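K.L.:
Here it is: the structure, laid out below.
The values are calculated or read from the model by the stated rules, or taken from the named source; none is laboratory data. This structure is a prediction, so every number in the text was calculated from the model and none was measured. With ideal geometry, Cβ positions are generated from the backbone for all residues, glycine too; neighbour counts draw on all protein chains shown. Ligands, DNA and RNA are excluded from the accessible area calculation, which covers all protein heavy atoms including side chains. Shrake-Rupley method; radii C 1.70, N 1.55, O 1.52, S 1.80 Å.
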Amino acid sequence: CIAANSVKHLPKFGKVLGVPTGGLPLQRAFEPYITEGSNVVLIVDDVWTTGGSMKKFIMKYTLEESVMGFVIFARSELPDWV
């Protein structure tokens with residue numbers, strides 16, 4: 001339900017990556033909504049507390065595509081890219 005309702009408010013994305021471990025079920029939920037040809041990578045996680053997990057996860061990848069973040073719950077202010 002979260003993916004189906006949220007995707008209406010997100011730009012099209014060509015890849016989705018879940019931050020282990022909370023983001024992996026979200027990754028699977030968002031995968032049916034991938035748009036071929038989009039250069040946006042959607043990074044998903046369940047909870048944003050300080051952003052450390054998501055920031056650390058992104059640093060493992062060299063992405064030439066645009067990166068956009070998505071979380072279900074935010075416990076602090078989010079940057080513009082999430």
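K.L.:
Any chance you could run the full-extension gain for Cys1 through Phe73? It's 0.36 nm times the residue separation minus the Cα-Cα distance, nm to one decimal.
P.N.:
Gain on extension, Cys1 to Phe73, equals 24.4 nm.
K.L.:
Just want to confirm a number: the relative contact order over the chain, from Cα pairs under 8 angstrom separated by 6+ residues, in percent.
P.N.:
28 percent
K.L.:
Sort Ile72, Ile58 by heavy-atom solvent-accessible area, probe 1.4 angstrom, most to least.
P.N.:
The ranking, largest first, comes out as Ile72, Ile58.
K.L.:
Report the net charge of residues surrounding Thr35, where surrounding means a beta-carbon distance below 15 angstrom and charges are Lys +1, Arg +1, Asp -1, Glu -1.
P.N.:
Result for the local shell: 0.
K.L.:
For Met68, Met59, give the ranking by accessible area with the largest first, probe 1.4 Å.
P.N.:
Solvent-accessible surface, decreasing: Met59, Met68.
K.L.:
Right, another one. Could you provide, to the nearest whole Å², the per residue accessible area of the chain with probe 1.4 Å?
P.N.:
Result: 64 Å² of accessible area for each residue.
K.L.:
Another one. Rounded to two decimal places and with Rh computed the Kirkwood way over Cα pairs, what is Rg over Rh for the chain?
P.N.:
Using Cα coordinates only, the ratio equals 0.92.
K.L.:
Given a Förster radius of 22 Å and the C-beta distance between Glu65 and Lys8 as r, what FRET efficiency does 1/(1 + (r/R0)^6) yield to the nearest 0.05?
P.N.:
With R0 = 22 Å, the Cβ-Cβ based efficiency is 0.55.
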